[in-house]
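The values are calculated or read from the model by the stated rules, or taken from the named source; none is laboratory data. Please read these numbers as outputs of a predicted model, since none were measured by experiment. Positions of Cβ are generated from backbone atoms using ideal geometry, with glycine treated the same way; all protein chains shown enter the neighbour counts.
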Amino acid sequence: MTEPVFSIIIPAHNEEKYIGKCLDAINKAAAFVGDGVQVIVTANRCTDKTAEIAEKHGAEVCVNDDKCISAVRNAGARLARGEIIVTIDADSAMTEGSLAEIKEMLGSGQYIGGGTRAKFDRMSLGIAVSAAYVALNIIPIMKKYKAALMGGMFWCYRSDFEELGGFDESLVSLEDMDFAIRLKLLGDKRGKKYGVLKKNIIITSARKFDEFGDWYLVKNRKLTKAIFTGKDREAADSFYYDVKR
């Protein structure tokens, strides 16, 4: 059996509302690039039809019960067979040319990997202000490492992902920024850049704002700061792991 070029990892906790759209978008991107694509959905503590929908779309499903997003992502990555790993959240959808652009950028030899710009599926003043507030916490990190450390959808060679040890399972939040930093530093050693897709984006749901309110992060700045420590279990549970869907 021919090995896939891409392995796409999708962590999913009760995502029956979104997972179909995510997988449809992946299938379109796979058809556009014309390469073999392995899709792995890690069903995390699911009590809905997430796994059933994923299987109907042709995805491989593995089960994981950890309350740690890093562990959920890594569980899926351990099943990866593709040369290139891509991680995307279940409530996000990549645009059609995403995989083709990832392959082009990695194939150029200039990039160690990178991330993707994200656009919310709806916008409001509260969401815009919240995004700006979060950016204030991220910009100093980007300045320190001299790179636009976008996350959203990560992409890199599987060999490099494995060399980094995947996502840090000691973190219950901010694992994406941590991974971006470590990937960027690995690139520095290799004389390669941390890249951001130029032509393609992901469309991600504004569901956190739907659940908590568009101004929630601004009004609860203490919680936001706690989440940005990466290790505050109480804050992570209240905002991520224990939210009912």
Picking from Ser108, Ser205, the residue that is surrounded by fewer than 14 Cβ atoms within 10 Å (Cβ to Cβ) and hydroxyl-bearing (Ser, Thr, Tyr) would be Ser108
Sole miss for Gly114 among (1) within 19 Å of Lys184 (Cβ to Cβ); (2) assigned to a helix (DSSP H, G or I) is condition (2)
Of the residues in segment 67-84, those that are in contact (Cβ under 8 Å) with a residue 60 or more places away in the chain, farther than 23 Å from Gly20 by Cβ and in a loop (DSSP other than H, G, I, E, B) come to Lys67, Cys68, Arg81, Glu83
Going through segment 145-202 in order, the residues found to be part of a strand (DSSP E or B) and either closer than 20 Å to Phe228 by Cα or of a type in the set (Phe, Trp, Tyr) (or both) are Met153, Phe154, Trp155, Tyr157, Tyr194
All-but-one check, Glu52 against (1) part of a helix (DSSP H, G or I); (2) in contact with a Ser or Thr (Cβ under 7 Å, 6 or more places away or on another chain), failing number (2)
Considering segment 178-221, residues that are under 26 Å from Thr95 (Cβ atoms) and without any contact (Cβ under 8 Å) to a residue 40 or more places away in the chain, and then whichever is nearest to the chain's Cα centre (by Cα), we arrive at Phe179
Practice item. Please tell me if Ala180 is surrounded by fewer than 20 Cβ atoms within 10 Å (Cβ to Cβ), out of contact with any helix residue (DSSP H, G or I) (no Cβ under 6 Å at 6 or more places or on another chain) and either of a type in the set (A, V, I, L, M, F, W, C) or more than 30 Å from Asp66 (Cα to Cα) (or both). Key: no
*asked:* Going residue by residue through segment 120-135, is there one that turns out to be of a type in the set (Lys, Arg) and either modelled with pLDDT under 95 or part of a helix (DSSP H, G or I) (or both)?
replied: no
Restricted to segment 11-39 and to residues being touching a Lys or Arg at 6+ places or on another chain (Cβ under 9 Å) and in a strand (DSSP E or B), the residue surrounded by the most Cβ atoms within 10 Å (Cβ to Cβ) is Pro11
